[in-house]
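The values are calculated or read from the model by the stated rules, or taken from the named source; none is laboratory data. Keep in mind that what you see is a predicted model, and the values were worked out from it rather than measured. Neighbour counts are summed over all protein chains in view; Cβ atoms, including those assigned to glycine, are modelled from backbone coordinates with ideal geometry. Calculation scope for accessible area: heavy atoms of the full protein, side chains included, ligands and nucleic acids excluded. Shrake-Rupley method; radii C 1.70, N 1.55, O 1.52, S 1.80 Å.
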Amino acid sequence: MTSTRLKMSQEGLLWKTALSHLGATELHQVVVGLWVEAGPSPRATVEYLEILHIGNDVLNILRIAQVAVGAVVPYRPVEPDRIAIYSAHAEHLADKLLEAMPVGKLPPSLKGARLEVDLGM
């Protein structure tokens, strides 16, 4: 995992880049696998991923995957422009997705974060 969390703009760019590289079906499969790997959230801190940053297609993929793995945050209403997600899950998904992406497909602004991951920083 990265030593610091990606900025929301970087995380959004990562999700959009992954969608472009993998396509919707494969991204969904990757997300489900990563979410299952993450297991139950060790903490109840919740955050929101917003359509403004991740886009509508990624938001829909995350919603479907969240239901499929049983990771829906209880007592949070479904909102059309954002998804409630446990912070630990959001961080795990972003970190592992960054690791899984080929470096050559990453935009320059994400290559530094990937280098940190590769170096174990």
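From the residues in the range 82-94 that are assigned to a helix (DSSP H, G or I) and not polar (S, T, N, Q), which one is farthest from Glu26 (Cα to Cα)?
Checking each candidate, the answer is Ala88.
Condition check: in contact with a strand residue (DSSP E or B) (Cβ under 6 Å, 6 or more places away or on another chain), open to solvent by less than 80 Å² (accessible area, probe 1.4 Å) and touching a residue at least 40 places away in the same chain (Cβ under 8 Å). Does Leu19 satisfy that?
Values: in contact with a strand residue (DSSP E or B) (Cβ under 6 Å, 6 or more places away or on another chain): no; open to solvent by less than 80 Å² (accessible area, probe 1.4 Å): yes; touching a residue at least 40 places away in the same chain (Cβ under 8 Å): yes.
Here the answer is no, as Leu19 does not meet what is asked.
When you scan the range 71-81, do you find a residue that is at pLDDT 95 or above, in a helix (DSSP H, G or I), open to solvent by 20 Å² or more (accessible area, probe 1.4 Å) and β-branched (Val, Ile, Thr), even just one?
no
Of these, Ala90, Ala68, Ala113, which one is surrounded by 10 or more Cβ atoms within 10 Å (Cβ to Cβ), of a type in the set (A, V, I, L, M, F, W, C), under 17 Å from the mean Cα position of the chain (by Cα) and modelled with pLDDT under 95?
Numbers: Ala90 fails: modelled with pLDDT under 95; Ala68 fails: modelled with pLDDT under 95.
Criteria check complete, one pass: Ala113.
Given the residues Leu27, Leu62, Leu34, Leu49, which is the only one that is under 25 Å from Met121 (Cβ atoms), open to solvent by less than 30 Å² (accessible area, probe 1.4 Å) and in a helix (DSSP H, G or I)? Talk me through it step by step, then tell me what you get.
Numbers: Leu27 fails: under 25 Å from Met121 (Cβ atoms); Leu62 fails: under 25 Å from Met121 (Cβ atoms); Leu49 fails: in a helix (DSSP H, G or I).
That would be Leu34, the only listed residue that is under 25 Å from Met121 (Cβ atoms), open to solvent by less than 30 Å² (accessible area, probe 1.4 Å) and in a helix (DSSP H, G or I).
For the range 95-104, give me each residue that is in a helix (DSSP H, G or I) and either at positive phi or not acidic (Asp, Glu) (or both). Spell out the reasoning first.
Kept after step one, since they are in a helix (DSSP H, G or I), are these residues of the range 95-104: 95-100, 103-104.
Selection gives Lys96, Leu97, Leu98, Ala100, Val103, Gly104.
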